[in-house]
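No value in this document is a laboratory result; all are computed from the given coordinates. Because the structure is predicted, anything quoted here is derived from the model rather than measured.
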Amino acid sequence: MVDYSKWDAMKFSDSDSEGSENDDDDGPRVTSLNQPGRVTIGADGSVEIGQSLPGSSSTQQQQQQQQQQKDDNASSSSELPVVSGSISGDAVDISSLPNAKVDGGEIQQNQQQQHKRLEQLTRNGGKHTNKITAKQSTLHLPIYWSQDRYAVTLRVGFPTTQFPSRTIRVKVVGALKYEDRHSAVGSGSMMTDYIAKQNDDDNPSYGSVRIASVSGSDDQETVLFNGLLPRPIHLNHDEDEVEFEIEDSGIKNDVDIHIAEETCCDRFVSITMPKAVPMHGLVLWWDCPIIGFPKIDVSSIHDRNVSNLSLGSAANNTSSSSSNVAKKDAFQKAWDEAHDMFREKMKKKEKQTI
């Protein structure tokens with residue numbers, strides 16, 4: 001059973017009862033302040049009550065607010081690093097600047113991924129820009145091309161905000177049949193029209209690539225890309241046309257700053273075109289994927305040099321510079337002979353009326 005009798009002996013007082021006969025220094029004391037005051041508790045437990053100076057409370061609140069604002073700014077700046085000094089005077093997000101680094105290396109990692117993606121898109125090839133006018137605006141579509149020993153891959157960028165993927169149409173004309181892949185002259189039936197249209201015999205065309213966007217109920221068409229092939233290609237086995245696919249670009253802000261009309265292209269039309277050669281065993285490296293594109297130096301192609309080193313190692317390094325020149329001359333001679341045969345065949349062929 002709890003004994004509550006000890007609570008009967010407790011005494012309480014307040015500021016109004018100070019100095020009375022019932023004052024007990026050991027009991028709790030309550031002091032009410034009629035105006036802003038200051039309470040200081042000493043190390044020995046003593047309590048000092050004083051009146052605050054006029055305006056000190058508001059000043060202290062302002063200092064606290066300023067300090068809180070500084071803390072908030074410091075916190076936000078640690079999350080999103082910015083620098084000042086731009087032409088407009090506005091803060092600039094350093095994550096968008098080249099070679100920017102922040103804690104954790106996230107930006108540096110993204111840049112490495114972007115660089116790796118660009119190397120993949122332009123391996124043994126290069127980059128070009130196609131300027132078009134669509135929907136009353138000027139667009140600069142990036143074009144990447146790469147190649148290996150057997151095929152050339154052409155990627156044309158486009159913004160899905162203006163050209164949804166479902167509206168893209170691709171047509172590649174002039175590809176040889178699969179069985180003619182090792183005889184580049186082929187039957188000539190699919191290349192006659194394109195060679196006949198070329199006035200420059202030194203740069204004949206072997207087909208064309210056309211990419212367009214068809215949208216609307218009236219099938220309104222916008223041509224995104226149209227070009228002629230500088231080298232022969234062939235179809236894959238059991239296929240009647242060259243296939244294409246839509247893929248994510250994986251490139252962010254890959255634009256030229258001085259081009260104001262540049263549009264972010266978040267998708268690629270990827271077209272893989274197998275190479276056709278004059279005879280079996282030959283490897284033909286392209287210097288450009290489309291007639292009119294800037295040409296690359298095929299002697300500096302990385303994969304070509306690697307394959308040459310591999311062939312030299314397999315032959316116990318018996319090849320020499322003179323033998324390489326001889327092989328090059330033999331290839332050029334075979335190529336010229338194939339062209340002469342094809343031209344003679346086209347001259348003798350009778351035109352058929354359809």
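Beyond a 26 Å Cα-Cα separation, which of these cross-linked pairs lie in this structure: Lys171/Lys295; Lys275/Lys345; Lys177/Lys333; Lys328/Lys349; Lys127/Lys345; Lys295/Lys333? Check vs 26 Å cut-off fails for Lys328/Lys349; Lys127/Lys345.
Quick check: residue separation of Arg149 and Ile132 times 0.36 nm, minus the Cα distance between them. What number comes out in nm? Extra length from Arg149 to Ile132 when fully extended: 2.9 nm.
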